[in-house]
Amino acid sequence: MTTHLALMVPGASEFDGVIEIRAPFDGALIGTLDAATIDTVEQALATAHDVFRDRSRWLSRAKRIEILARTAELMEQQTPLLARLATQEGGKPIQDSRVEVARAIEGVRHCIDCLRGDAGQGIPMGLDEASSGRLAFTCHEPIGPVVAVSAFNHPLNLIVHQVAPAIAAGNPVIVKPAEDTPLSCYRFVQLLHAAGLPEHWCQALVVNEVELATQLVTDSRVAFFSFIGSSRVGWMLRSKLAPGTRCALEHGGAAPVIMDTDANIKAAIPLLVKGGFYHAGQVCVSVQRVFVHASIARDVAARLAHSAKHLRVGDPLFETSDVGPLIRHREVNRVHQWVLEARNAGAELLTGGNTLSDSCYAPTVLFDPPAESRVSQQEVFGPVVCVYPFTDIDEAITRANALPFAFQASVFTRDLNRALYVSERLDASAVMVNDHTAFRVDWMPFAGLRRSGLGTGGIPYTFHEMQTTKMMVLQSQAL
């Protein structure tokens with residue numbers, strides 16, 4: 001039985017057709033949603049603007065904490081439903097979706113921690129004649145209406161990362177989830193409302209036309225734009241933002257790993273397999289390019305291929321599935337074309353390299369694809385890991401840094417000095433030592449550099465970005 005969801009915009013009555021949500025694995029219809037019209041977008045923007053401009057309607061910190069705490073409780077009660085929903089619409093194996101839901105619940109609680117620890121600072125006065133007799137301090141206020149545009153690959157946790165900090169900071173928010181995975185987002189917004197958040201403070205909508213999404217994002221009433229998705233779309237939207245709108249962009253990369261001669265291969269392989277094939281490689285910091293010293297490169301590649309070959313690909317709702325489908329059938333075809341291109345150019349196929357169905361692609365390991373091939377130059381966003389031999393560590397670093405993307409990276413070595421040497425020279429916002437590139441906890445900074453993004457994610461950092469700082473200066477002589 002499918003669910004139909006109306007627009008989550010108070011006062012909206014018209015809609016532009018119905019959007020079908022289908023499971024990426026088998027195409028089963030799992031839900032339908034009303035699509036927003038131009039009038040709906042205007043209504044949502046006007047609602048967010050009006051509620052923010054009326055300070056009497058602002059939610060107190062205590063009220064925000066109460067709402068977020070109750071939301072976390074409701075999410076815990078609905079964990080099985082939330083995990084199944086995320087798996088159905090996004091294709092991530094159910095065991096991984098349970099982890100995502102647990103992270104999302106903790107993410108909401110991290111927002112409460114941010115509120116409880118949020119404080120201004122004293123500004124020194126009385127340092128000279130001009131500042132004598134004065135006391136100054138700062139406090140934080142909400143920045144204003146937030147528009148969040150999200151991606152499909154973590155349909156619940158990404159929404160929490162964008163929406164919950166906005167609510168915690170005291171901002172009204174309009175969220176547009178990915179068209180492929182809106183059901184988890186709508187469920188989360190429903191839970192916020194059930195927890196006591198007035199409907200005007202969090203609205204959700206989907207659209208049929210790119211022009212409508214652009215109009216939503218670029219409106220002058222938007223104070224902050226949060227985007228997770230492709231770099232092409234993100235940078236295009238940023239170029240059209242209204243003057244004064246602040247933004248955070250989170251895109252992808254082609255995450256590099258460097259393995260030195262003394263790396264613990266046995267310990268590294270399971271980490272590389274998890275980091276490369278988790279969610280069929282559809283993660284912005286997935287392991288993609290593994291640079292391995294030539295003396296151990298063949299051994300590492302063979303072990304990696306052996307482990308990848310034994311991953312179980314199938315229905316993500318099955319407890320036994322390690323890897324699920326790609327989000328769309330055309331993505332399966334694209335990944336296959338990139339692999340064929342690399343093979344035709346000289347890459348050695350160690351395992352995989354074939355479609356398993358319209359929706360699934362075999363976990364694939366390529367050895368030494370040419371530097372100019374697309375699997376070496378662009379983000380694959382699929383279950384493909386490439387191994388490249390090197391003889392000089394500085395050569396490996398140069399190759400790792402050669403792309404216009406920079407996000408997270410990793411180095412495997414037992415030598416602390418070598419770990420520091422490589423970490424200092426890699427172009428990355430975070431370098432993992434003896435771990436895969438996709439490691440993340442939700443309170444740490446998470447930032448794409450160069451074309452990979454703008455600003456810093458991670459719940460405390462997003463919370464901070466969605467506030468403004470106001471200073472008050474008291475002149476004691478006038479009191």
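The values are calculated or read from the model by the stated rules, or taken from the named source; none is laboratory data. The structure presented is a predicted model; accordingly, all values stated were derived computationally and were not measured. Here Cβ is always computed from backbone atoms with ideal geometry, including for glycine, and neighbour counts include all displayed protein chains. Side chains are part of the model used for accessible areas, which takes the heavy atoms of the whole protein and leaves out ligands, DNA and RNA. Shrake-Rupley method; radii C 1.70, N 1.55, O 1.52, S 1.80 Å.
So the values come out like this:
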quantity	calculated
Gain on full stretching of the segment that runs from Glu348 to Thr398 - 0.36 nm per residue minus C-alpha separation	15.7 nm
Pairs of alpha carbons in the stretch 169-249 whose separation is greater than 16 Å (percent)	55 percent
Amide proton proximity set for Phe390, modelled H, under 5 Å, gap of 5+	Val292, His293, Ala294
Residue order for Leu249, Leu127 - accessible surface, 1.4 angstrom probe, largest first	Leu127, Leu249
Per-residue [θ]222 nm for the chain (sum of -39500 (n - 2.57) over DSSP H runs n ≥ 4, rounded to 500)	-12000 deg cm²/dmol
Which of Leu356, Leu241, Leu474 is most accessible, then next, and so on - probe 1.4 Å	Leu356, Leu474, Leu241
Charge dipole magnitude, Cβ of K and R +1, D and E -1 - the chain, Cα centre, debye nearest 20	460 debye
Cα gyration tensor shape of the stretch 1-112, rounded if a/c is under 1.5, else prolate or oblate by comparing a/b with b/c	oblate
Pairwise label distance in nanometres, Glu341 with Leu127, each label 7 Å out on the Cα-Cβ vector	5.6 nm
Amide H within-cut-off set for Met8, under 5 Å, with H built and near neighbours excluded	Ala204
Thr2 versus Ile38: modelled label distance in nm, points set 7 Å from Cα along the beta carbon direction	2.8 nm
Accessible-area value, Trp235, 1.4 Å probe, nucleic acids and ligands omitted, Å²	70 Å²
Tyr421 accessible area, 1.4 Å probe, all protein chains in place, Å² to nearest 10	70 Å²
Globularity index of the stretch 207-351, i.e. its alpha-carbon radius of gyration over 2.2 N^0.38 Å	1.36
Share of pairwise Cα separations in the chain, more than 40 Å, in percent	25 percent
Label zone at Arg298, where the point sits 7 Å out along the Cα-to-Cβ direction: the stretch 389-405 residues whose backbone N lies under 20 Å	389-392
Asp118-Glu372 pseudo-label distance in nm [points 7 Å out on the Cα-to-Cβ vector]	5.3 nm
Only Lys, Arg (+1) and Asp, Glu (-1) charged, at Cβ; the stretch 9-105 dipole about Cα centre in debye	660 debye
Karplus (6.51, -1.76, 1.60) ³J(HN,Hα), θ = phi - 60°, over the stretch 36-45, in Hz, Gly and Pro reported as x	6, 9, 4, 5, 5, 4, 5, 4, 5, 5
Tensor-based shape of the stretch 205-291 (alpha-carbon gyration tensor, a/c under 1.5 rounded, otherwise prolate or oblate)	prolate
Computed accessible area, His49, all protein chains, 1.4 angstrom probe, square angstrom	60 Å²
Heavy-atom accessible area order for Asp260, Asp427, Asp113, largest first, 1.4 Å probe	Asp113, Asp427, Asp260
